[in-house]
1. Could you check B:LEU191 against (1) within 14 Å of another protein chain (Cβ to nearest Cβ); (2) under 26 Å from B:THR264 (Cβ atoms); (3) out of contact with any helix residue (DSSP H, G or I) (no Cβ under 6 Å at 6 or more places or on another chain) and say which number it fails?
2. Could you figure out which of (1) touching a Phe, Trp or Tyr at 6+ places or on another chain (Cβ under 7 Å); (2) part of a helix (DSSP H, G or I); (3) over 15 Å from B:CYS323 (Cβ atoms) isn't true of B:ALA162?
3. Only residues that are among the charged types (D, E, K, R) and without any contact (Cβ under 8 Å) to a residue 24 or more places away in the chain: list them for the stretch A:119-153, please.
4. Counting only residues that are within 19 Å of A:ASP118 (Cβ to Cβ) and over 13 Å from the mean Cα position of the chain (by Cα), which one in the stretch A:41-72 is farthest from the other protein chains (Cβ to nearest Cβ)?
5. Tally time: how many residues in the stretch B:220-250 are small (Gly, Ala, Ser) and either in a helix (DSSP H, G or I) or touching a residue at least 60 places away in the same chain (Cβ under 8 Å) (or both)?
6. Answer with yes or no whether A:ALA79 is under 21 Å from A:ALA116 (Cα atoms), surrounded by fewer than 24 Cβ atoms within 10 Å (Cβ to Cβ), touching a Gly at 6+ places or on another chain (Cβ under 7 Å) and in contact (Cβ under 8 Å) with a residue 12 or more places away in the chain.
7. Among (1) touching a strand residue (DSSP E or B) at 6+ places or on another chain (Cβ under 8 Å); (2) in a loop (DSSP other than H, G, I, E, B), which single condition is B:LEU168 missing?
8. Looking only at residues in the stretch B:79-114 that are part of a loop (DSSP other than H, G, I, E, B) and away from chain A (no Cβ under 14 Å), which one is surrounded by the most Cβ atoms within 10 Å (Cβ to Cβ)?
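The values are calculated or read from the model by the stated rules, or taken from the named source; none is laboratory data. Computed from a prediction, not measured in an experiment: that's the story for all the values here. Every residue, glycine as well, gets a Cβ built from its backbone with ideal geometry; the counts of neighbours run over all protein chains shown.
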Amino acid sequence: MSVTVLEAARLKKMLLGVAEVIISKKDELCAIDSFIGDGDHGIGMSHGFTAARDQLAALESDDPSKLLRAFGMGVVTGAGGASGPLFGGLFIEGGKTAKGSGELKAADIVKWWRAALDYVRSKGGAKPGDKTMVDALQPAVEAMEAFDGDDIPELFAAAAKAAWDGVEKTKNYVAGQGRSRYLGERALGHQDAGATSISIILETLGRLASEA
Amino acid sequence: MKKLMNTPSDVVKDMFAGIEKCFGDRMSRVAGLNSVFIRKDAPVEGRVGILFGGGSGHEPMFIGCLGEGLADVVVQGGVFASPTPNLILEAAKAVDGGAGVLFIYGNYAGDILNFDMAEEFCADEGIEVRTVRTCDDISTGKDRELRRGVTADLYTVKIAGAAAAAGLSLTEVERVTRKAMDNCRTLGVCLTPATLPETGLPTFTLGEDEIEVGMGAHGEAGIKRMKIAPANELAPYIMGKICDDYPLAAGDEVIFMANSMGATTLMELFIMAKEAHAFLESMGVKVWASDVGEFMTTQEMGGCHLMLMKVDEELKKYYQAPCSSITYTRR
């Protein structure tokens, strides 16, 4: 069954579901991060998405813009460090693009994630190939923009596939930004945790978009 | 590593509670927050508000620069973590006297992201914000965008605080603050690692007789790991690197700082100062003033930073202006 519209209630369920998945993967994300980072990516993400879940759960609103902003602000205040604004910004930027929309269609979602990518690229300073979240996020957004159709779960699935392909490619990169840039060649063979988180988020949004 | 604390995850909250007990007569908590404090005489209508902050764990930076002639409001995050935008926004709202707010903080990825987001929130609330990021540490190389802020924080906030107290506009306060920051160059040498309160673990390892020149305030890799050498070799080496980056001519005047990273003794700092002064004298550069002590630490990291700030008459005037904080006072 095709889903072409996300109304506020479904969007809220999806975001809460993303939070639960990220929280449940805390140890896995830390383990991935321990090879090339300081091993705490999962902790920051878990704190961030716990705060996001709690802030969103407490909010009664039928405005997708407000839901996205509250969720993003939770990540910002809960995760701290650089991850807070970078991952919270994904949703805060979505909130800005969704202003005035009562419900989201495929085209709105593409706008959301393009704004998210633009924020991360301009504020974070990383380019594709730097072995960061951008290596998943950029291919994902490009896949969304190339997607022909209005089925939202399929849109997210296309994005997630491109994101996971990007994660696989990060194994071959030497880091250009973030903590692991001090490692040089020792970073080869290991995937980036931030890119992994992006893929998990997109995949989960797609899965939950098709649930009632 | 033994530390005097309670629950490790409460170190920042407990520290500020202690500061409030000792010095609550001159500062107030902002919005009931754990780690955001404002001068009791701020904001002043029509005076630029100086907002200063960054991660905890570097005391006396930043709270040690809260006071008359220095920062009006200080906002600190967790240990070695940037404060989050909501805290920075509360600080900006508290300090806004209608003449705008100057953010001063170190050039670190996490801080930039969080303070920039806060700046957006301030714009939404009609608060005009300018920003000066400190980037005095020369160890990362020529590109100033990549340089980290270490000890220049003190002189940057001193000049900003004095300029604001003198009634300068936001544009002028930013101008002279940026000039002070642009005239600072720092390089440090680390002897022993710091340990994190929460884990008790060192942030990196150094051999018994090893030192690292240019190591960052959070254990970021430096430019050269070597064996310990006498001060009369290390200080000229460091000063030489600084002067390669920022050429000084005979007759130039500088302010000199020797800063302890936390564990290094005053005795050692004064010995390094002796050698650094001799180096500058041999170049005909005049050391117009000196600061020696503990200004920006990394827990109990051993080592010191040497910093120079080239001064003109304007910077000298603001450096000499009276100031008063819990750790830095000038009459």
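1. The one condition B:LEU191 does not meet is (1).
2. Here B:ALA162 clears every test but (3).
3. Taking the stretch A:119-153 as the starting set, the residues that turn out to be among the charged types (D, E, K, R) are A:121, A:123, A:127, A:130-131, A:135, A:142, A:145, A:148, A:150-151.
Answer for the stretch A:119-153, where residues must be among the charged types (D, E, K, R) and without any contact (Cβ under 8 Å) to a residue 24 or more places away in the chain: A:ARG121, A:GLU142, A:ASP148.
4. A:SER65
5. Filtering the stretch B:220-250 for residues small (Gly, Ala, Ser) gives B:221-222, B:229, B:231, B:235, B:240, B:249-250.
Subset that is either in a helix (DSSP H, G or I) or touching a residue at least 60 places away in the same chain (Cβ under 8 Å) (or both): B:222, B:231, B:235, B:240.
Adding up the residues that qualify gives 4.
6. Values: under 21 Å from A:ALA116 (Cα atoms): yes; surrounded by fewer than 24 Cβ atoms within 10 Å (Cβ to Cβ): no; touching a Gly at 6+ places or on another chain (Cβ under 7 Å): yes; in contact (Cβ under 8 Å) with a residue 12 or more places away in the chain: yes.
The answer is no for A:ALA79.
7. (1)
8. Within the stretch B:79-114, the first condition is being part of a loop (DSSP other than H, G, I, E, B), and the residues that meet it are B:80-84, B:96-100, B:107-108.
Then drop every residue that is not away from chain A (no Cβ under 14 Å), which leaves B:96-100.
Values: B:ASP96: 23, B:GLY97: 16, B:GLY98: 13, B:ALA99: 19, B:GLY100: 21.
Among residues in the stretch B:79-114 that are part of a loop (DSSP other than H, G, I, E, B) and away from chain A (no Cβ under 14 Å), the one surrounded by the most Cβ atoms within 10 Å (Cβ to Cβ) is B:ASP96.
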